[in-house]
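The structure that follows is given in the form of structure tokens.
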Amino acid sequence: KDDPSLDVYGPLKGILSVHIQLAGENLLVLACDMPSMKIEPLDYLVQLSLVRNEDAFAFQNDAHVEPVCAIYTSRGLKKIYDQYNAGQLKKHNLHYVLESLDTFYVPVLPEWKRYFNNYNSPEDLSSL
């Protein structure tokens with residue numbers, strides 16, 4: 001459940017709400033509108049996060065960053081939460097958050113592109 005004390009909206013509110021409850025945990029975020037996602041890209045992202053030291057890990061699908069298929073480390077989320085508490089978080093969108101952090105961008109492999117399709121309506125889902 002979103003923390004009602006947070007004056008933030010969109011996916012960031014949910015992510016920060018979980019961070020408040022589980023401050024020491026890294027979060028693997030996956031949007032519910034990506035039902036075609038498979039384990040291979042997620043496993044790859046997790047493995048990278050275990051050997052690298054960035055604040056966040058996000059896929060980059062050509063020119064588009066995928067902020068809701070990403071790993072946000074507890075360290076990175078603490079930075080964002082501290083900015084929020086200090087009144088210094090200028091934007092509440094996840095692209096801005098990723099730009100504010102030390103983020104490692106992982107190119108989407110050609111064979112993974114279909115896993116990143118978004119389905120936002122019943123009509124979209126009927127194509128599955």
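The values are calculated or read from the model by the stated rules, or taken from the named source; none is laboratory data. None of the values given here were measured: they were computed from a predicted structure. No Cβ is skipped: glycine too gets one built from the backbone with ideal geometry, and neighbour counts run over all protein chains shown. Quick note on the areas: whole protein, heavy atoms, side chains included, nothing else; ligands and nucleic acids left out. Shrake-Rupley method; radii C 1.70, N 1.55, O 1.52, S 1.80 Å.
Which residue fluctuates the most in the chain, going by a Gaussian network model with Cα springs under 10 Å, if the choices are 43, 55, 102?
Of the options given, 43 has the highest mean-square fluctuation.
Report the label-to-label distance for residue 13 and residue 53 in nanometres (one decimal), using points 7 Å from each Cα along the Cα→Cβ vector.
3.7 nm
For Cα extents along the principal axes in Å, which listed value, (1) 44, 36, 25; (2) 52, 25, 18; (3) 44, 36, 21, comes from the coordinates shown?
(1)
Arrange the residues 65, 51 by how much accessible surface each exposes, largest first, with a 1.4 angstrom probe.
Ranked from most to least accessible, the order is 51, 65.
Could you work out the local net charge near residue 93, counting Lys and Arg as +1, Asp and Glu as -1, over the other residues with Cβ closer than 15 Å to its Cβ?
Here the count lands on 0.
Which of 1/79; 1/113; 1/90 have a Cα-Cα distance over 28 Å?
Checking Cα-Cα distances, 1/113 exceed 28 Å.
Spelling out what I want: for every residue of segment 19-34, take phi, set θ = phi - 60°, compute 6.51 cos²θ - 1.76 cosθ + 1.60 (Karplus), and round to whole Hz; glycine and proline get x.
Along segment 19-34, the couplings run 4, 4, 6, 10, 4, x, 9, 7, 10, 8, 9, 9, 5, 6, 8, 10 Hz.
Mean separation of Cα pairs under 8 Å and 6+ residues apart, divided by the residue count of the chain: what relative contact order is that in percent?
Relative contact order for the chain comes out at 32 percent.
Another question, then. Evaluate E = 1/(1 + (r/R0)^6) for residue 64 and residue 38, where r is the Cβ-Cβ distance and R0 equals 25 Å; express this FRET efficiency to the nearest 0.05.
The computed FRET efficiency comes out at 0.85.
How large is ³J(HN,Hα), in whole Hz, for each residue of segment 77-94 in order, when computed from phi with the Karplus curve 6.51 cos²θ - 1.76 cosθ + 1.60 and θ = phi - 60°, using x for Gly and Pro?
With the stated coefficients, segment 77-94 comes to 5, 4, 4, 5, 5, 5, 4, 4, 5, 8, x, 10, 7, 6, 9, 10, 8, 6 Hz.
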